[in-house]
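For reference, the structure is listed below as structure tokens.
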Amino acid sequence: MRKNVKQAGKFKNKHMGYERAGLHDIKFNGPATDFFEGALLGNGGMGVVVTTRPDAIMLHFGHNNVWDIRIAEEHKDEIMTFQEVFDRFADLPADLAQVTDNPWYKQYCEMAGDNYRNPYPKPMPCGSLLLRYDRRDAEVLGHTVHIADGRCTIDFLIQGKPAVLELFVEGDHDRVWLKVTDAASGKAVPLFTEVKLIPDPETPPEFPQAEVLTDTVTGLQHFTQILPRMEQPPTPYIGQASDKAFRLAVKAAGVSSVTDVSSVSDVCGVSSVSSVSSVSSVSSVAGVSKVSSLYLEDSSGKPVTSEDQTAAAVPVTKVRVAAQDHLSQDKSESQQELQGFIACVELWEGLSSEVQATAFVIPPELGGFAVAKEVTATLWRDYWSRSSVALEDEFLERIWYRNLYFFNCSVKEGLTCPGLFANWSYRKIGADWHGDYHMNYNTQQPFWLAFSSNHLDKHLPYVDMVDHVLPVSQTWARDYYGLRGAYFPHSAYPVEMTMMPYPVPHWGWEICETPWTVQSLWWHYLYSMDAVFLRDRAFQPIKEAVLFMVDYMKRPEARGEQWGDENYHIFPTVVPELYEITPGFAKNSDCLIDLTLTRFVFRAFIQACAVLGSEQEEAQLLDEVEEILNHFPSYPTAESRNGRIFVSVEGENPEVVYNVPVPLTTVFPGEDHGLHSSEEDYQTAVNSYLNHRNEGGNELVFYHLAGARLGVLDLERFKRQIQYCLLPNGTCTDRVLMSGGRYADTENFDFMSRMGIWFENFSLPAVINECLLQSYNGNLRFFPNWPDGQHAEFHTLRAVGGFLVSAAFGDVEPEWIEIISEAGAPLSFYIPWEGGALCTLSSGEQVTLSGEIGRIKTAPGETITIVKHPH
């Protein structure tokens, strides 16, 4: 039935996300002295942890782009080829308790893992800022992170009167702005007696030492830290062209005293600074008004600030000496603000030569606080407009908004893909496992959030990471395996690599990591329908993974009479985080996650060729893929107390304790099973979920997302598990759940909690999204894991097909659905009402649909409103 009515589009509220986020501030009462109690701020590049002490505020700085870039790549000539190692394994006795009992293999593993035992590469903490206050005059009461606009406010009593320190990371510059005001009047007031920059105490001692330069006249402090590429830089150090560096500077007003410095000293060996030392000295002498200072002028005589920079764009022609009474702040800054505390901290990072060129560039004038605050708030409003939820379950809503806040703080298009602990680091926090890329779930997991939450731009740093590791992966496939394509690594770094960082077979042979690395590139296309992205960014890495998997499965050891079938097998392989290499390869073939992800990437390649019209060009490879898919191993199963289940490998004990939830991977990320499956497959998947035993640490998102996909996630138990992992800063850490697997009965269940801020757990909202909307098989399914009696509403979640979906759930069923078709793809959805659906198109035309699945042709930009058919 069709008829004309008023145009659709009345349900979407682009402001709801900002409004709802404002309900979920993160509050902490009293001093937050510990790193994991502090407020987390960031702009996707710079990360800041704000801790509060009874005597001071401490800001700890990090940045996704700033790493100790040294890398050890020894033993290249000692690394045997895959075939050589495989043949040696084949000769080992099958009755060994474990292959590492063999002296040769034990020694080989020691050698192959030697490079990884070095502490570098790793994220490099960028120093700290101490703001000291007099405890006789002031007391810190607590802090609040305002996640709606990225601000932190710290409450004080100053002489018994309430005051607030407000600070935020500028959205589009690596700056932190700070200001203290009276809580009642809003008037700027003084608070701090000392401002002090502190290089990170755990800076490698072999690095050129950074020295803090302090100018008591301008209130400027800064230091530059060179990050050498040489593993053991000599002293004195002569810089290399490939060295990196960062510079941290703070400009402050309204400070009653500053750390004394006798002279302007050389900053971290920067030769241009030493020339300044001969021009002027800076003293901190009370009551002296005529103190020499220095600033920069360009060719027109204009002082250079970071608003004018980079220094490369604004040539510095003059270092000028001036008296204090000739210096003035920007005229737009009121005298009132100068009497109160206000500051700006700025970070520069990049090649050492570029950073050193900023040696005399100062942060912008302090009068820019208000403008920077408004610009940053606008960026946050735009972020929250991409998607939103309003849930009757307040806890789940809070988790959704807070983790999307952390996600925006920690990842940004155009910058380095975050590692395990993102952009927050201090001393050795954030350095475990090098803070690197682990490709057996850790690196992929945070970006699961980007798709359904409608933040595709946040996935692009991951795409850049794939491009970064592709050359070394191709080299490894060719030289180590003797095969085509690319074999993606178990561990990788955002630094230049010429070999695999960790080529130990019982980790490096996790075959699943190759299809897993490229999987989300296909998702990016499916959720956007962007054929240009598919052609330019996704297709080649996917093809390289397919080439490798085809060649690997066609090796003579992976097919033939010895298998008793005509299938192509994945052999050998390693089950993630479980068996390593077993004697006789007893548990090293056809791992469930290898099979499901390989099938996924093969199917993706077939579809990608069709979309791009490259079937003829890729005909030979397509034929090979089809041949393997037609002779593909079955998923391994076993009988458990819950019935038939999937297991990681054939012959596995169904009571085994896992780390990575491998038995659930055909549901997610394999997307082979779910609510769409046959009754038999669905029940096997559900049994696997219910039977699963997990030791903890890698399951918080992974396990529960599979439950949501199956529609069996117990939300109350999920919430309790989140609560178990929550830290005072609002993030979730990785915690142990049980012994009996790799962990002993005496294990410290919190041993991972102080390693860093676990970036991977920011994807918790993806679990909630899957409870509200699913589209993985191309058919939209509404509220598949949402309980009756709890209202829920979401706006512009992204679905496969390039659809932006909004909907509301009443007591027992959806009340309305609104879908925007970005790409004009055909719309297919499970009709949630027995009586059918009434669909209103942008034209006003109405369509009635009934049955299980409704289908509608759409045009780009069209909005379709769907409600229960009125009978």
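The values are calculated or read from the model by the stated rules, or taken from the named source; none is laboratory data. Since the model is a prediction, treat every value here as computed from it, not as a measurement. Reconstructed Cβ throughout: ideal geometry from the backbone, glycine too, with neighbour counts over all protein chains shown.
Laid out as a table, the results:
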| quantity | calculated |
| --- | --- |
| First in segment 116-142 and touching a residue at least 60 places away in the same chain (Cβ under 8 Å) and surrounded by fewer than 24 Cβ atoms within 10 Å (Cβ to Cβ), second anywhere and basic (Lys, Arg) and assigned to a strand (DSSP E or B), Cβ under 8 Å, 6 or more apart | LEU130/LYS196; ARG132/LYS196; GLY142/LYS27 |
| Near pairs, Cβ below 7 angstrom, 6+ apart or cross-chain, from segment 432-460 (in contact (Cβ under 8 Å) with a residue 24 or more places away in the chain and more than 30 Å from ALA390 (Cβ to Cβ)) to any residue that is among the aromatic types (Phe, Trp, Tyr) and part of a helix (DSSP H, G or I) | MET439/TRP516; TYR441/PHE702 |
| Residue in segment 494-501 that is touching a residue at least 24 places away in the same chain (Cβ under 8 Å), among the acidic types (Asp, Glu) and closer than 20 Å to HIS524 by Cβ present | no |
| Identity of the residue in segment 361-375, of a type outside the set (D, E, K, R) and either out of contact with any strand residue (DSSP E or B) (no Cβ under 6 Å at 6 or more places or on another chain) or surrounded by fewer than 18 Cβ atoms within 10 Å (Cβ to Cβ) (or both), that ends up nearest to LEU40 (Cα to Cα) | VAL375 |
| Within segment 323-359, considering residues that are part of a loop (DSSP other than H, G, I, E, B) and buried (at least 19 other Cβ atoms within 10 Å of the Cβ), the one modelled with the lowest pLDDT | ALA359 |
| Output for segment 158-186, where each listed residue is in contact (Cβ under 8 Å) with a residue 12 or more places away in the chain and out of contact with any strand residue (DSSP E or B) (no Cβ under 6 Å at 6 or more places or on another chain) | GLN159, LYS161, PRO162, GLU170, GLY171, ASP172, HIS173, ALA184 |
| Lone qualifier among ARG229, ARG247 - being basic (Lys, Arg) and assigned to a loop (DSSP other than H, G, I, E, B) | ARG229 |
| Verdict on ALA608 being at pLDDT 95 or above, hydrophobic (A, V, I, L, M, F, W, C) and either over 28 Å from the mean Cα position of the chain (by Cα) or more than 30 Å from MET738 (Cβ to Cβ) (or both) | yes |
| Selected residue (only one of GLU747, GLU680, GLU671, GLU760 is without any contact (Cβ under 8 Å) to a residue 12 or more places away in the chain and closer than 30 Å to PHE571 by Cα) | GLU680 |
| Enumeration of residues in segment 95-115 that are surrounded by 14 or more Cβ atoms within 10 Å (Cβ to Cβ) and hydrophobic (A, V, I, L, M, F, W, C) | LEU96, VAL99, CYS109, MET111, ALA112 |
| Residue ranges of helices (runs of 4 or more DSSP H) in segment 468-570 with at least 2 members among the small types (Gly, Ala, Ser) | 513-528 |
| Subset tally (residues that are under 16 Å from ALA807 (Cα atoms), within 42 Å of the chain's Cα centre (by Cα) and assigned to a loop (DSSP other than H, G, I, E, B)) for segment 842-871 | 0 |
| Lone unmet requirement of (1) over 16 Å from ASN454 (Cβ atoms); (2) surrounded by fewer than 22 Cβ atoms within 10 Å (Cβ to Cβ); (3) modelled with pLDDT of 95 or more for HIS871 | (3) |
| Which listed residue is outside any loop (DSSP other than H, G, I, E, B), at pLDDT below 95 and crowded, with 16+ Cβ neighbours inside 10 Å, from THR218, THR224, THR214 | THR214 |
| Given (1) within 31 Å of the chain's Cα centre (by Cα); (2) at pLDDT 95 or above, index of the condition SER589 fails | (1) |
| Residue check for LEU157: outside the structural domain of PRO503 (by TED's automatic domain parsing) and under 22 Å from GLY45 (Cα atoms) | no |
| Criterion violated by ALA94 - all others in (1) free of Cβ contacts under 8 Å to residues at least 24 places away in the same chain; (2) farther than 30 Å from LEU213 by Cα; (3) not in a helix (DSSP H, G or I) satisfied | (1) |
| Residue count, segment 504-533 (criterion: farther than 24 Å from THR573 by Cα and of a type in the set (Ser, Thr, Tyr)) | 3 |
| For PRO233: the one exception among (1) within 30 Å of ASP137 (Cβ to Cβ); (2) free of Cβ contacts under 8 Å to residues at least 40 places away in the same chain; (3) surrounded by 19 or more Cβ atoms within 10 Å (Cβ to Cβ) | (1) |
| Sole exception among (1) outside any helix (DSSP H, G or I); (2) under 27 Å from the mean Cα position of the chain (by Cα); (3) of a type in the set (Gly, Ala, Ser) for ALA706, by number | (1) |
| Any hit, segment 607-627, residues being touching an Asp or Glu at 6+ places or on another chain (Cβ under 8 Å) and surrounded by 24 or more Cβ atoms within 10 Å (Cβ to Cβ) | no |
| Condition met for MET80 (closer than 24 Å to THR582 by Cβ, at pLDDT 95 or above and in a loop (DSSP other than H, G, I, E, B)) | yes |
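Residues checked against (1) at pLDDT 95 or above; (2) hydrophobic (A, V, I, L, M, F, W, C); (3) assigned to a loop (DSSP other than H, G, I, E, B):
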{"position": "ALA390", "(1), (2), (3)": "yes, yes, no"}
{"position": "PHE395", "(1), (2), (3)": "yes, yes, no"}
{"position": "ARG398", "(1), (2), (3)": "yes, no, no"}
{"position": "TYR401", "(1), (2), (3)": "yes, no, no"}
{"position": "PHE406", "(1), (2), (3)": "yes, yes, no"}
{"position": "LYS412", "(1), (2), (3)": "yes, no, yes"}
{"position": "CYS417", "(1), (2), (3)": "yes, yes, yes"}
{"position": "ASN423", "(1), (2), (3)": "yes, no, yes"}
{"position": "TRP433", "(1), (2), (3)": "yes, yes, no"}
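Rundown of residues vs (1) touching a Gly at 6+ places or on another chain (Cβ under 8 Å); (2) surrounded by fewer than 20 Cβ atoms within 10 Å (Cβ to Cβ), yes/no style:
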{"position": "ASN454", "(1), (2)": "no, no"}
{"position": "LEU460", "(1), (2)": "yes, no"}
{"position": "VAL463", "(1), (2)": "no, no"}
{"position": "THR475", "(1), (2)": "no, yes"}
